[in-house]
Amino acid sequence: MGEVNPDPVECHSGYEYAERPLAIHWEGERLEIEAIEDRWRIPGGKCFRVRVRDGRRFELFYGELYDEWRVNPL
């Protein structure tokens, strides 16, 4: 059996966790992020608007309180 990735987002972490998303897991596919179009902070988390290689766009939210990612297609 293959290992299941519990996080829907793979990210680069340096000085702090979730500095830059690298890939998302969406509907059984691993999609590499081609561009981060926007990023912003909200109380309790970080948000990113990204474009993957096939042109689809997603909004990612990382909730710091629960250490949880949410992925929404745009």
Per principal axis, descending, Cα span of the chain in whole Å: 35, 30, 21
Relative contact order of the chain, defined on C-alpha pairs under 8 angstrom at six or more residues apart (%): 20
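Taking only C-alpha pairs under 8 Å that are 6+ residues apart, what is the relative contact order of the range 24-63 in percent? Before the final figure, lay out the partial values.
Numbers: 63 pairs, mean separation 12.7, N = 40.
Across the range 24-63, relative contact order equals 32 percent.
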Solvent-accessible area, 1.4 Å probe, carbon plus sulfur percent, for the chain: 48
Volume of the Cα convex hull of the range 31-74, divided per residue and given in Å³: 62
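The values are calculated or read from the model by the stated rules, or taken from the named source; none is laboratory data. On a predicted model such as this, the values are computed, not experimentally measured, just so you know. Note: accessible area is taken over every heavy atom of the protein model, side chains too, but ligands, DNA and RNA are not part of it. Shrake-Rupley method; radii C 1.70, N 1.55, O 1.52, S 1.80 Å.
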